[in-house]
Amino acid sequence: MTKLADDPQTEAAKKALAEEKKLADKSRAEYAERAKGKPTPTQEENDLAACGAHILEHEDDGSGPDPYVTRQVEADKPHAKPQNYQTRQHRNAE
C-alpha cells in the first residue's frame with residue numbers, strides 16, 4: 001500500500017485528483033451518451049449499394065433526434081403564405 005505524508009499539500013493533491021476524476025467520469029458518460037447507436041449507413045447497406053441496390057431509407061441508428069437540429073414545417077408558420085413576385089418578361093425577337 002502507498003504511504004503518503006500527512007500534510008496539507010497531500011490533502012490538496014487528494015482533493016485535486018478527486019475533482020479531476022469526477023470531471024473525467026462526467027466526460028466519459030457524456031461521450032457514451034452521444035456515441036450510442038450504430039453507424040448510418042450500416043455495413044449491410046453499404047454492401048447492398050456496392051452491389052447496385054438503391055437505398056430509399058436508411059435503418060434507424062437508434063441515437064434519437066439530434067438536439068442541435070430543429071425542423072420547421074412551412075405550413076406551421078403563420079406568415080408562410082405563397083409570395084407573388086415580378087419576373088422579367090421575355091419577348092421573342094421578330
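Read the figures in this text as sums done on the coordinates, not as results from a lab. Keep in mind the model is a prediction, meaning the values are calculated, not measured. Ideal geometry is used to build each Cβ from the backbone, glycine not excepted, and the neighbour counts take in all protein chains shown.
Descriptive notes on the structure:
- Note on Gln43 and Asn92: with the Förster distance fixed at 41 Å, the Cβ-Cβ geometry gives a FRET efficiency of about 0.10.
- Extending 7 Å from the Cα toward the beta-carbon at both Ser63 and Asp25 defines two label points whose distance is 2.7 nm.
- For the pair Ala16 and Tyr85, the difference between a 0.36 nm per residue extended length and the Cα-Cα distance amounts to 18.3 nm.
- Per the Debye calculation on the stretch 14-56 with a single equal scatterer at every Cα and no solvent contribution, log₁₀ I(q)/I(0) for q = 0.17, 0.29, 0.35 Å⁻¹ amounts to -0.61, -0.92, -1.07.
- Debye, to nearest 20: dipole size of the stretch 14-56, +1 on Lys, Arg Cβ, -1 on Asp, Glu Cβ: 520
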